[in-house]
Structures are given as C-alpha cells and as structure tokens.
1. Scan region 67-84 residue by residue and report those that are over 12 Å from the mean Cα position of the chain (by Cα) and surrounded by fewer than 11 Cβ atoms within 10 Å (Cβ to Cβ).
2. Going by what's in this entry, would residue 106 be described as at pLDDT 85 or above and either in a strand (DSSP E or B) or among the hydrophobic types (A, V, I, L, M, F, W, C) (or both)?
3. Scan region 109-135 for residues that are surrounded by 11 or more Cβ atoms within 10 Å (Cβ to Cβ), among the polar types (S, T, N, Q) and modelled with pLDDT under 95 and jot them down.
4. Looking at residue 76, is it assigned to a strand (DSSP E or B) and either under 18 Å from residue 123 (Cα atoms) or β-branched (Val, Ile, Thr) (or both)?
Amino acid sequence: MKGIVTTACAVTLFLTAASFAAQDKATASKQSKEVQQDTKTMTPNKTAKTSSDTVYGKVESYEPGKSIKVTVPGKIVSTKSFDLSSKDATVDVASDVKAGGWVSVVEKTDANGHKTVTVKPSTEKHPSHAKKTDQ
C-alpha cells in the first residue's frame, strides 16, 4: 500500500512540475514580441534591399558559438532558433546572455545576403515599442 501511495505522490508531483513548466513557456510566448521589417534604399546606381527581424523573448536554450532559441509570440511555433556559428554571418552576443534571461535578438540581412546577428539582454519582457532600424 505504501508503494502505491508513494508512486501516486511522485506521479502527481511530476505532472504538477510539468504543468508549471508549460505555463511558464506559454507566458513567455505571450510576453514576447517579433518585428520584421524590409527596407529598400534607392541610389542613382541601384536599389539596395535590407531586411531585419527583431525578437524580444525569453532564452529557452543557449549554446555559446552555436545557437540560441528564444520564445516568440504565436500558438503554433513558440520558439525561434538563431544560428550563431554560420561562417557567412557576423555574430555579436553579449557576455551576460544566459538561458532563462530575456533578450533582444536582431538579425539583419544586407543587399549582398550577409547576415548580422546581435543578441543583447532586454530590460523589458514585453516592450511596448520596438526599435526600428533602417540601413
């Protein structure tokens, strides 16, 4: 009888912990923000197109020099991964970025297809404004 009660308690504890983890991820997804922007610059010689994707969210996982996964708003896809190891990208990650912290990730692609990824801690969980960058 003790074994059944102990097992039941352990299962209940596990399910409760899993429920809180799922709620935390859902809350983080609701508090996250993503802003996508395409910019065209016309010069006498050509038109240059740049795009940027800015994500404010909670770091779900982070492997320095490899990748970072951040919560994004949405019901189907709740995280977005960024490649930090690409040879064709310039990557700048603040030294105090860690799993569980809130960050802003800016991924820019210039007219030549070169990507720049910048990851910084975010002081706001859900910013009421997103900084728009034009280049």
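The values are calculated or read from the model by the stated rules, or taken from the named source; none is laboratory data. What you see is a predicted model; the values in this text were computed from it and never measured. FYI the Cβ positions are ideal-geometry reconstructions off the backbone, even for glycines, and counts take in every protein chain you see.
1. 75, 76
2. Values: at pLDDT 85 or above: yes; either in a strand (DSSP E or B) or among the hydrophobic types (A, V, I, L, M, F, W, C) (or both): yes.
Judged against the criteria, residue 106 is a match.
3. Within region 109-135, 109, 122, 133, 135 qualify.
4. On the way: assigned to a strand (DSSP E or B): no; either under 18 Å from residue 123 (Cα atoms) or β-branched (Val, Ile, Thr) (or both): yes.
No, not satisfied.
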